[in-house]
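Undergrad: Quick one: structure below, then a few questions.
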Amino acid sequence: MPNRIESLGAGYDFDYVNRDIVIRDMQVRDGRLVLSSGMEYRVIVLPDHDDIALPVLRKLEQLVRDGATLVGRPPQRANSLEDYPRCDEEVRRLSHLLWGDGSSESARHHGKGRVFPEVALRGVLSGMGLRPDFSVESPANHDLDYIHRRTENEEIYFVANSADEPVEAECSFRVAEGSRPFLWNAEDGSITPCPDFRFKNGVLRMPLKLEQISSVFVVFKIGEVPDNWTGFMTKSRRSSTVGDSDPLPDIALAGPWKLEFPAGHGAPPSIDVEVLKSWTKLEPEGARVYSGTARYTTSIHVPHEYTNRALELDLGQVAEVAEVSVNGEATGIAWKPPFRTDLTGLMKAGTNHLEIRVTNLWHNRIVGDLRYPEAGEFAKTNLKHKFNADMELLRSGLLGPVVLRQTPGKG
């Protein structure tokens, strides 16, 4: 059957490489294909073509002779007319050297390496004793993306959930017996040991929980673990004092809000917003089709008992990115759900000033230019042919509800 990358299935990763990489940079070490960048591969796979660049085939023959594993069907001719017809004769000679007469359906040895005909890639790797590098064991319908890199002392997996809902799954990692897993969170700098794991059938299995559209580094350490790995967390510039253990009620920021737009972009200078809603539902029209960054401001009254607690601001829904500051101090950028930011130590008893800068996508402004050409052109792009004036506008802005609350699980 054709040698398609889909036959890998889940749990194996791959890269595409061009002829220059193969010819100039690829070598064999201990049966693995290695690059000067440090990348290593167990198999090199040919595209499903009848032709090939002769210099590439010559290098492949050398790599297999040195111990590499090659998968694909034998090419029959060169992909250029340079030195024709001798170039085609040389391709056929090297193909016979590597694949023989092509009648065998099993691997053929050449030098220290092997050549597989048109077989499923997953079967080749399984036959080499390579279990899937990463897989979701249960529930099996979850699809998590991953990248695996290795240092001298660690195995590093970057695992990402691109779905709009949280994922709790039992995952398998192909790491050495004795490895200990830690979760590295790039958002807050925390490193958390994972005590709940076990080895089974040559892989480490552990539960993994990822919020919607989120990611984590799963780092495996073999041997003695440095003290600063366990329970380490980047020091925050803010701290809280645990007061009364009873949780405090949420404070809803219902408004009103002042929404300000920058000059020269077709929107009014400011709008008073009583209830948060998409910019596409505002008046006048210039606000509905605005694209860029606009600023929301409001005041919030905070009782004294909140000031010594760990607090967070939940923005609810945002389209698309929000930057928050309280009393003139920036708290960070919320760019994915859940749109929350830490306000611990920033709120004072009494009136506090809140500013939220929200940036949306370019879609609405481009559609607005096409829909109202008499207003002028605000989005200069060569992609306007992909849009039309009848396109539906995308919701934009701070949609809420916005809530100040005690951070769950913290004092």
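The values are calculated or read from the model by the stated rules, or taken from the named source; none is laboratory data. The structure presented is a predicted model; accordingly, all values stated were derived computationally and were not measured. Note that each Cβ is placed from the backbone with ideal geometry, even for glycine, and that neighbours are counted across all protein chains shown. Accessible surface areas use protein heavy atoms only, side chains included; no ligands, DNA or RNA. Shrake-Rupley method; radii C 1.70, N 1.55, O 1.52, S 1.80 Å.
Undergrad: Please count how many residues of the stretch 320-341 are closer than 20 Å to GLY292 by Cβ and either at pLDDT 95 or above or open to solvent by 30 Å² or more (accessible area, probe 1.4 Å) (or both).
TA: 9
Undergrad: Take the residues in the stretch 370-379 that are free of Cβ contacts under 8 Å to residues at least 24 places away in the same chain and of a type outside the set (A, V, I, L, M, F, W, C), then tell me which one is nearest to GLY397 (Cα to Cα).
TA: My answer is GLU377.
Undergrad: Okay, next question. Regarding GLY316, is this residue in contact with a Gly (Cβ under 6 Å, 6 or more places away or on another chain), of a type outside the set (Asp, Glu), open to solvent by less than 30 Å² (accessible area, probe 1.4 Å) and more than 17 Å from GLU260 (Cβ to Cβ)?
TA: Judged against the criteria, GLY316 is a match.
Undergrad: Moving to a separate point now. Under the condition of being basic (Lys, Arg), open to solvent by 50 Å² or more (accessible area, probe 1.4 Å) and not in a loop (DSSP other than H, G, I, E, B), which residue from the stretch 5-59 is farthest from ASP143 (Cα to Cα)?
TA: Here the answer is ARG58.
Undergrad: Right, here's the next one. Looking at the stretch 180-198, I want the residues that are more than 17 Å from GLU155 (Cα to Cα) and have a partner that is of a type outside the set (Asp, Glu) and in a strand (DSSP E or B) with Cβ atoms under 7 Å, at least 6 apart or on another chain. Which pairs are those?
TA: Here the result reads ASP196/MET206; ASP196/PRO207, each pair linking the stretch 180-198 to a residue that is of a type outside the set (Asp, Glu) and in a strand (DSSP E or B).
Undergrad: Checking the structure you have, find out if any residue of the stretch 87-98 is acidic (Asp, Glu), within 19 Å of MET26 (Cα to Cα) and either surrounded by 14 or more Cβ atoms within 10 Å (Cβ to Cβ) or in contact (Cβ under 8 Å) with a residue 40 or more places away in the chain (or both).
TA: Among the residues of the stretch 87-98, not one is acidic (Asp, Glu), within 19 Å of MET26 (Cα to Cα) and either surrounded by 14 or more Cβ atoms within 10 Å (Cβ to Cβ) or in contact (Cβ under 8 Å) with a residue 40 or more places away in the chain (or both), which makes the answer no.
Undergrad: So, one more: Taking into account only those residues within the stretch 256-295 that are acidic (Asp, Glu) and open to solvent by 80 Å² or more (accessible area, probe 1.4 Å), which is nearest to VAL402 (Cα to Cα)?
TA: The extreme case among them is GLU274.
Undergrad: Would you point out the residue of the stretch 260-287, among those that are assigned to a loop (DSSP other than H, G, I, E, B) and touching a residue at least 60 places away in the same chain (Cβ under 8 Å), that is farthest from LEU370 (Cα to Cα)?
TA: For the stretch 260-287, the residue satisfying everything is LEU276.
Undergrad: Before we move on, is ASN352 open to solvent by less than 60 Å² (accessible area, probe 1.4 Å), over 32 Å from the mean Cα position of the chain (by Cα) and touching a residue at least 40 places away in the same chain (Cβ under 8 Å)?
TA: yes
Undergrad: Would you mention how many residues in the stretch 51-86 are among the charged types (D, E, K, R) and in contact (Cβ under 8 Å) with a residue 60 or more places away in the chain?
TA: Counting residues in the stretch 51-86 that are among the charged types (D, E, K, R) and in contact (Cβ under 8 Å) with a residue 60 or more places away in the chain gives 1.
Undergrad: Which residues, taken from the stretch 366-404, are surrounded by fewer than 21 Cβ atoms within 10 Å (Cβ to Cβ) and charged (D, E, K, R)?
TA: Once the filter is applied, which keeps residues that are surrounded by fewer than 21 Cβ atoms within 10 Å (Cβ to Cβ) and charged (D, E, K, R), the stretch 366-404 yields ARG371, GLU374, GLU377, LYS380, LYS384, LYS386, ASP390, GLU392, ARG395.
Undergrad: Here's a follow-up. Working only within the stretch 62-75, note down all residues that are modelled with pLDDT of 95 or more and either over 18 Å from HIS96 (Cβ atoms) or open to solvent by 20 Å² or more (accessible area, probe 1.4 Å) (or both).
TA: If the condition is that a residue be modelled with pLDDT of 95 or more and either over 18 Å from HIS96 (Cβ atoms) or open to solvent by 20 Å² or more (accessible area, probe 1.4 Å) (or both), then GLN62, ARG65, ASP66, GLY67, ALA68, THR69 are the ones that fit.
Undergrad: Continuing with this model, one more query. Tell me the residue from THR359, THR298, THR344 that is open to solvent by less than 30 Å² (accessible area, probe 1.4 Å), among the β-branched types (Val, Ile, Thr), within 30 Å of SER162 (Cα to Cα) and in contact (Cβ under 8 Å) with a residue 12 or more places away in the chain, please.
TA: Residue meeting the stated conditions: THR344.
Undergrad: For the stretch 99-122, enumerate the residues that are free of Cβ contacts under 8 Å to residues at least 40 places away in the same chain and on the phi < 0 side of the Ramachandran plot.
TA: The answer is TRP99, ASP101, SER103, SER104, GLU105, SER106, ALA107, ARG108, HIS109.
Undergrad: With respect to ARG357, is the statement that it is outside any strand (DSSP E or B), farther than 17 Å from VAL302 by Cα and among the basic types (Lys, Arg) true?
TA: no
Undergrad: Related question: List every residue pair whose Cβ atoms lie under 6 Å apart, where the two residues are 6 or more positions apart in sequence or sit on different chains, the first residue falls within the stretch 148-162 and is assigned to a strand (DSSP E or B), and the second residue, located anywhere, is β-branched (Val, Ile, Thr) and open to solvent by 30 Å² or more (accessible area, probe 1.4 Å).
TA: Taking only residues 6 or more apart or on different chains, the pairs are ARG149/ILE156; PHE158/ILE147.
Undergrad: Within the stretch 124-144, which residues are open to solvent by 70 Å² or more (accessible area, probe 1.4 Å) and either within 24 Å of VAL71 (Cβ to Cβ) or β-branched (Val, Ile, Thr) (or both)?
TA: SER126, ARG131
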